[in-house]
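In what follows, a structure is listed as structure tokens, so that the remarks can point back to it.
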Amino acid sequence: MAMDMPEKNYNIARPYLKWAGGKTQLLFELEKRLPSSIKESRIIERYVEPFVGGGAMFFYLKNYYQVRESLLLDINPELIIAYQVIQRDPHKLIALLMSMEEEHLKKSEDARKDNFYRIRDEFNQNRLLINYEEYGDEWISRAASLIFLNKTCFNGLFRLNSKGEFNVPFGRYKNPRICDEVNLQAVHQALKKTEIQCADFTQARQYINEDTLVYLDPPYRPLNSTSHFTNYSRERFSDLDQKKLAKFYREMDSRGAYLILSNSDPKNNDPNDNFFDELYHGYEIERVPAKRNINSNITRRGEIKELIIRNFKE
């Protein structure tokens, strides 16, 4: 991975997608728990994020710290396509999104709904035609469609069904901001000299050593049987996967890396559920306040506790 020096005089980058489970609201709690050496020097030698998702933590660190090397991974190929397009071809993407926004906003609400489902149908049909292994112009239109759907669908979710199809319904917004040119340019700057891979979290191990800060933000363990609304990929992240991740965590700990992991707290629903307390026994396990922002029932949105687990104290 190449050396990355901070860019000067550019806008603050923030997530370009609304992402279920995004960490914007937890950034203050996460930053408080960074290693003291990083907080004092404002330098991160190597940063690895194996479940990048919306990238809130990555963008925050790139805005306020000098990140010399960085690697982002995610198993969701659509997400990785979008990251790589913003990294390589932001101007073409912005031009296409501007055109899509202009066309969409001049329509009536019923026509907007038809336009949304037309683009969603094309997005799902074209997934079988996309070469996910080789960058090409079709990636730009693919990324634009993904961003369009995210900005215009219900609650701004990204969710796939068992067939791998995007299945979130139309959202009724008066003036959705489909093309945020300023932020997309800032994201492009933040992604310069960053390695981006579509891969399982275990593929990150080859990049992790004692100089590495690793932030692990896996799909959260559901708090109950009805909370599986965040299917980022076709396969759900099961308890077996959580155990596999804990094993990976211990392996990376043995290398001397700084590890920070976040997850749901099962004790919100069952005070006797010690799943993560047992899985990460011996590490720093803290419970911090968070808000449940994405729920179809507004009465069930509110403050809960989430877990931050570290392998260091300071």
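List of remarks:
- Of everything in the stretch 130-148 that is part of a loop (DSSP other than H, G, I, E, B) and either among the aromatic types (Phe, Trp, Tyr) or not assigned by TED's automatic domain parsing to the domain that holds Asp89 (or both), the residue that is farthest from the chain's Cα centre (by Cα) is Tyr135.
- Residues in the stretch 199-215 that are of a type outside the set (Phe, Trp, Tyr) and buried (at least 21 other Cβ atoms within 10 Å of the Cβ): Ala204, Ile208, Thr212, Leu213, Val214.
- Any chance Leu71 is surrounded by 22 or more Cβ atoms within 10 Å (Cβ to Cβ), hydrophobic (A, V, I, L, M, F, W, C) and at pLDDT 95 or above: yes
- Applying the set (1) surrounded by 14 or more Cβ atoms within 10 Å (Cβ to Cβ); (2) of a type outside the set (Gly, Ala, Ser); (3) in contact with a strand residue (DSSP E or B) (Cβ under 9 Å, 6 or more places away or on another chain); (4) not in a loop (DSSP other than H, G, I, E, B) to Val168 leaves exactly one unmet item: (4).
- The numbered conditions (1) assigned to a loop (DSSP other than H, G, I, E, B); (2) touching a Pro at 6+ places or on another chain (Cβ under 9 Å); (3) modelled with pLDDT under 95 are all true for Ile304 except (1).
- Selection within the stretch 13-43 - at pLDDT 95 or above, assigned to a loop (DSSP other than H, G, I, E, B) and either in contact with a Ser or Thr (Cβ under 6 Å, 6 or more places away or on another chain) or among the charged types (D, E, K, R) (or both): Arg14, Arg33, Arg42
- Residue in the stretch 112-119 that is farther than 18 Å from Arg177 by Cα, surrounded by 17 or more Cβ atoms within 10 Å (Cβ to Cβ) and not aromatic (Phe, Trp, Tyr) present: no
- A count restricted to the stretch 241-294 and to residues that are in contact (Cβ under 8 Å) with a residue 24 or more places away in the chain and in a loop (DSSP other than H, G, I, E, B) stands at 9.
- Residue match in the stretch 194-206 (condition: free of Cβ contacts under 8 Å to residues at least 60 places away in the same chain, closer than 25 Å to Arg88 by Cβ, out of contact with any Lys or Arg (no Cβ under 7 Å at 6 or more places or on another chain) and not in a helix (DSSP H, G or I)): no
- Subset of the stretch 146-159 [of a type outside the set (Lys, Arg) and in contact with a strand residue (DSSP E or B) (Cβ under 9 Å, 6 or more places away or on another chain)]: Leu146, Leu149, Thr152, Cys153, Phe154, Phe158
- Residues being within 13 Å of the chain's Cα centre (by Cα) and part of a strand (DSSP E or B) - total across the stretch 49-93: 4
The values are calculated or read from the model by the stated rules, or taken from the named source; none is laboratory data. What you see is a predicted model; the values in this text were computed from it and never measured. Here the Cβ is made from the backbone with ideal geometry for all residues, glycine too, and neighbour counts use every protein chain on show.
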